[in-house]
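First comes the structure, then the notes that go with it.
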Amino acid sequence: MRAFFEVTAEGLIPKDEETRLYIGRRKAGQVLSADIKMARNYENHKRFFKFVDDTFDIQRHFEEKEAYRYWLTMKAGWFDPIVTPNGTTIFKARSIAFDEMEEEEFRKLFSRVIDVFLHEFELTENEINQVISYV
């Protein structure tokens, strides 16, 4: 079960109905175990994809948006190396799905992706201002 809590001065408070009901069925004193991580910010996730859409229209090296997104994330260091049977190393972009990374890690990646774009492409001042608006 995925449970969502809000941190308050009193402790953790269930954030959704499913979590509230689950906790409500537990007996006082019962010990629960959980892996806690910061939930991803959906608005920030949407900003990332808007950044990819907007900058895809500025760049002229990639014809497919998905290939461009993979290239950006890999250039920003978000990839796994894979060694093939013949010893060649290839690289695969990691997922940025909600359950694959925490918000803090996603923010760092997003910042590095912006840096990659600014470093890799020659931009007009207007285009630079458009990109910087995401920072």
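Quick one: helix 103-120 against the long Cα principal axis of the chain, what's the angle to the nearest 10°, folded into 0 to 90? So the inclination is approximately 10 degrees. Peptides 115-124, 25-34 ranked from most to least packed, by the mean per-residue count of other Cβ atoms within 10 Å: 115-124, 25-34.
Projected label points at ILE13 and ILE58, each 7 Å from Cα along the beta carbon direction, are separated by 4.1 nanometres. Packing here is the average count of other Cβ atoms within 10 Å per residue, and on that basis the peptides 40-53, 101-114, highest first, run 101-114, 40-53. Phi angles of the range 9-15 translate, via the Karplus equation with coefficients 6.51, -1.76, 1.60 and θ = phi - 60°, into HN-Hα couplings of 4, 7, x, 8, 10, x, 9 Hz per residue; Gly and Pro are given as x. The charge dipole of the range 35-99, taken about its Cα centre with unit charges on the Cβ atoms of Lys, Arg (+1), Asp and Glu (-1) only, comes to about 140 debye. Phi-derived couplings, Karplus 6.51 cos²θ - 1.76 cosθ + 1.60 at θ = phi - 60°, listed residue by residue for the range 28-45: 4, x, 5, 9, 10, 10, 8, 9, 9, 8, 6, 5, 6, 8, 4, 5, 5, 4 Hz, with x used for Gly and Pro.
Is the shape of the range 41-81 best called rounded, prolate or oblate, per the rule: a/c under 1.5 gives rounded, else a/b larger than b/c gives prolate, else oblate, with a ≥ b ≥ c the square roots of the Cα gyration tensor eigenvalues? Oblate shape, in that a/c is at least 1.5 and b/c is the bigger or equal ratio. Note on PHE91 and GLU6: their simple-model spin labels are 4.2 nm apart, each label 7 Å out from Cα toward Cβ. Among the lysines, select those whose C-alpha is under 27 Å from the C-alpha of LYS92, and discard any that sit fewer than 8 residues away in the same chain. Straight-line reach from LYS92, under 27 Å: LYS37, LYS46, LYS50, LYS65, LYS75, LYS108. The relative contact order of the chain, computed from alpha carbon pairs under 8 Å that lie at least 6 residues apart in sequence, is 19 percent.
When the trypsin sites (Lys or Arg not before Pro) in the range 68-105 are filtered for DSSP coil states and for at most 11 other beta-carbon atoms within 10 Å of their beta-carbon, no site remains. Rounded to the nearest 500, the 222 nm mean residue ellipticity of the chain from helices alone is -14500 deg cm²/dmol, with -39,500 (n - 2.57) taken per DSSP H run of at least 4 residues. Among (1) 2, 8, 14, 17, 14, 10, 10, 9, 7, 5, 3, 1, 0; (2) 2, 9, 17, 21, 18, 12, 8, 5, 4, 3, 1, 0; (3) 2, 11, 21, 24, 19, 11, 7, 3, 1, 0, find the value of P(r) over Cα pairs in 5 Å bins from 0, in percent that was calculated from the structure presented, and write down its label. Calculated P(r) over Cα pairs in 5 Å bins from 0, in percent: the matching label is (1).
Just so you know, all these numbers are worked out from the coordinates, no wet-lab data involved. Because the structure is a prediction, the values reported are computed rather than measured. For neighbour counting, all protein chains shown are included, and Cβ atoms are generated from backbone atoms with ideal geometry for every residue, glycine included.
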